[in-house]
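Inspection log for the structure reproduced underneath, given as structure tokens.
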Amino acid sequence: MSDNKRWVRIASCDAVPPREGRAAMIDQREIAIFNLGDRFLAVDNRCPHQGGPLCDGIVAGGSVVCPLHAWKVNLETGEVSRPANHNDCVRTYATRVEGGVISIEA
């Protein structure tokens, strides 16, 4: 079985302040990296509602609130939790930190 995924170095840990997000490009995709204090999580940087930049949203627990229309996205699962009863989601990416550098599995 072949696994085509690869780890891509994104940013130093210091580049993403606690409880904030930052955008990064991988190939043609814009990814949002979030520092939750004890770990880093990554999702596509487009809200499923109207494409708002999730990296600019407010981090609340393990979620981010889109800055455009306050949709709330769970950063671990990518699922929308507000508004309720939506089946929308964003893609999530595995992350790891080595030597003070954040990488995501792309």
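Total residues in region 30-43 satisfying the condition of being surrounded by fewer than 19 Cβ atoms within 10 Å (Cβ to Cβ) and in contact (Cβ under 8 Å) with a residue 40 or more places away in the chain: the figure is 1. Quick one: in region 88-106, of everything that is in a strand (DSSP E or B) and either acidic (Asp, Glu) or touching a Gly at 6+ places or on another chain (Cβ under 6 Å) (or both), which residue is nearest to ASN4 (Cα to Cα)? Result: GLU105. Taken over region 59-99, residues that are open to solvent by less than 40 Å² (accessible area, probe 1.4 Å) and either of a type in the set (Lys, Arg) or on the phi > 0 side of the Ramachandran plot (or both) amount to 1. Restricting attention to region 44-58, the residues being surrounded by 14 or more Cβ atoms within 10 Å (Cβ to Cβ) and either within 18 Å of PRO18 (Cβ to Cβ) or over 12 Å from the mean Cα position of the chain (by Cα) (or both) number 8.
The values are calculated or read from the model by the stated rules, or taken from the named source; none is laboratory data. This one's a predicted model, so the numbers in the text were calculated from it and none came from an experiment. No Cβ is skipped: glycine too gets one built from the backbone with ideal geometry, and neighbour counts run over all protein chains shown. For the accessible areas, the whole protein counts, side chains as well, though only heavy atoms, and no ligand, DNA or RNA atoms are used. Shrake-Rupley method; radii C 1.70, N 1.55, O 1.52, S 1.80 Å.
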